[in-house]
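This report refers to the structure that appears directly beneath it.
What follows draws every value from the coordinates through simple rules; no lab data is involved. Just so it is clear, the model here is predicted, and its values are computed rather than measured. Neighbour counts run over all protein chains shown; Cβ positions are idealised from the backbone, glycine included.
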């Protein structure tokens, strides 16, 4: 009898905080918050990751560090250390590749695995133990017949557990849940679905695909229905993960109100990005700008270059051209520049 093919989703628990605790064992069991420069007195710096002990105080990713400090004055605040996280992630991925699985890295702290086995839970447990033994990090593993099911199952497995979702169990477990519980459906899409009377995953699965197509488009509409049914991609790509874009952004402690200051910051960000991508040798095809106005209104825009380039002057000018499309009459609290590779 042929073994069944399974998709596993491996997600490292509280990854950034866990790496920091490994380097500082005295922090184990303490509320640890990682973000920015680690200074909670600064305005507009947000939490990247909080340990489970910190999450017990309601601290979560994206929360301002100031608010995190208010909720938990005894929390330990640490700055981001990107090289350390990259090195730890690499060790985890190397550990998983020692198994008879295809590995698709989708970020620092997670990956999809594909394999054929009669006992996926046993394999998931072996992977968890190997990751813990080699790196000291804990991970949760979701098992499914496709990526969507595996990713959703991981949510039920946390922390440091194993979960499974299949075609047979999908509707019983996911059906009563809100559509926003689905991987890939954000609050805006969920609100739009609610406007159509679709609130739960089961309602989405039973919805008329033609109605969804009329509202969301001929591609996205039917794909939303498929998600509600638990149908998702099952291909695991083993080629090295390569980012399709790179970006930098700055949140200002005091809003910018002068157009020249805004343009100067966009130029600085664009030049810094151009210098970084030049060393990698990947030409830039598109340049985008992000502007967040006070109090919290975000706008984005992008320009396609006439031809892919590594020229810093061309990248900077494209960023300024994209910025020129914005009405800068309001105070600016954040600026960002993104380059997309050819």
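In table form, for the structure just shown:
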item: Angle in degrees between helix 82-96 and the longest Cα principal axis of the chain, rounded to the nearest 10; result: 20 degrees
item: Near-label residues of the range 295-309 by backbone N, under 13 Å of a point 7 Å along Cα→Cβ of residue 285; result: 304-309
item: Of 44, 90, 299, the one that fluctuates the most in a GNM where the chain has Cα springs shorter than 10 Å; result: 299
item: Most fluctuating residue given options 287, 92, 131, as computed from a GNM of the chain linking Cα atoms under 10 Å; result: 287
item: Helix 147-157 vs. the chain, principal-axis angle (Cα, 0 to 90°, nearest 10); result: 80 degrees
item: CD proxy at 222 nm, helix term only [per DSSP H run n ≥ 4: -39500 (n - 2.57); per residue of the chain; nearest 500]; result: -11500 deg cm²/dmol
item: Fewest-first sequence of 139, 72 by Cβ atoms within 10 Å of each Cβ; result: 72, 139
item: For the chain, built as a Gaussian network whose Cα springs stay under 10 Å, the top-fluctuating residue of 59, 143, 185; result: 185
item: At R0 = 56 Å, FRET efficiency that the Cβ-Cβ distance of residue 247 and residue 214 yields, to 0.05; result: 0.95
item: With Cα atoms, 0 to 90° folded angle of helix 259-280 axis to the chain main axis; result: 50 degrees
item: Along each principal axis, Cα extent of the range 50-202, largest first, Å; result: 48, 45, 22
item: Rounded FRET efficiency, nearest 0.05, which uses the C-beta distance separating residue 192 from residue 129 and R0 of 51 Å; result: 0.75
item: Principal axes of the range 245-341: Cα extent on each, largest first, Å; result: 38, 23, 20
item: For the range 170-228, convex hull volume per residue from C-alpha positions, Å³; result: 65 Å³
item: Sites residue 271 and residue 118, calculated FRET efficiency, Cβ-Cβ separation with R0 45 Å, nearest 0.05; result: 0.20
item: Added length on full extension, which subtracts the Cα-Cα distance from 0.36 nm per residue, residue 56 to residue 298; result: 84.1 nm
item: Shape call, the chain: gyration tensor on alpha carbons, a/c limit 1.5; result: prolate
